[in-house]
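For reference, the structure discussed in these notes is given below.
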Amino acid sequence: MPIYLDDQAVQLHAKSLGEVLAQAQQQLAPRGRVVVEVRLDDQTLTGEQIDTDKAQLVDGRDLHLYSADPNALAISTLEEIRDRLVEARSMQDQAVIMNYKQD
């Protein structure tokens, strides 16, 4: 079964998850991208699972890796945080008004 990097089949000469990730990162580095998601047999692996399963063999398994530009990812994350903080402030303002009206 081929390994997919951003939904494109790639040939990597690796047998374990850790080797696959290292080789994928070597391919992505010149483009300024990093692996941000790993799906093994339709299950998204957490960072902790990846750390503990690096020696796991991937031959014959369905492995999809997804990459992103780390700068764009950081900006997107910060924008989401900003939006949530604006929402939280609005909710707090409404709570204060409701509490004030009850008094």
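Laboratory data are not the source of any read-out in this text; all were calculated from the coordinates shown. Just so it is clear, the structure is predicted and the values come from calculations on it, not from any experiment. A quick note on method: Cβ atoms are made from the backbone with ideal geometry, for glycine too, and the neighbour counts reach across all protein chains shown.
Between ILE3 and residues 5 or more places away or on another chain, which pairs have amide H atoms under 5 Å apart, with H built 1.01 Å from N, and which residues are they?
Long-range HN contacts for ILE3: VAL10, LEU12.
Find the relative contact order for the chain and round it to a whole percent, using C-alpha pairs within less than 8 Å whose residues are 6+ positions apart. Don't skip to the end; give the middle numbers.
On the way: 112 pairs, mean separation 32.4, N = 103.
With pairs under 8 Å counted, the relative contact order is 31 percent.
Which of [x] 20.7, 70; [y] 17.5, 64; [z] 16.2, 54 is the computed Rg and Dmax of the Cα atoms in Å for the structure on display?
Only one listed value fits the structure, namely [x].
Each label point is 7 Å from the Cα along the Cα-to-Cβ direction; what then is the distance between the points at ILE81 and LEU57, in nm?
4.3 nm
Placing unit charges on C-beta atoms (Lys and Arg positive, Asp and Glu negative, everything else neutral), compute the dipole magnitude of the chain about its Cα centre in debye, rounded to 20.
Roughly 220 debye for the chain.
Taking the Cα centre of each part, how many Å lie between region 22-45 and region 80-103?
39 Å
Measuring from a point 7 Å past the Cα of ASP6 along Cα-to-C-beta, which residues in region 29-67 have an amide N at less than 11 Å?
The answer is 29-35, 66-67, whose backbone nitrogens lie closer than 11 Å to the label point.
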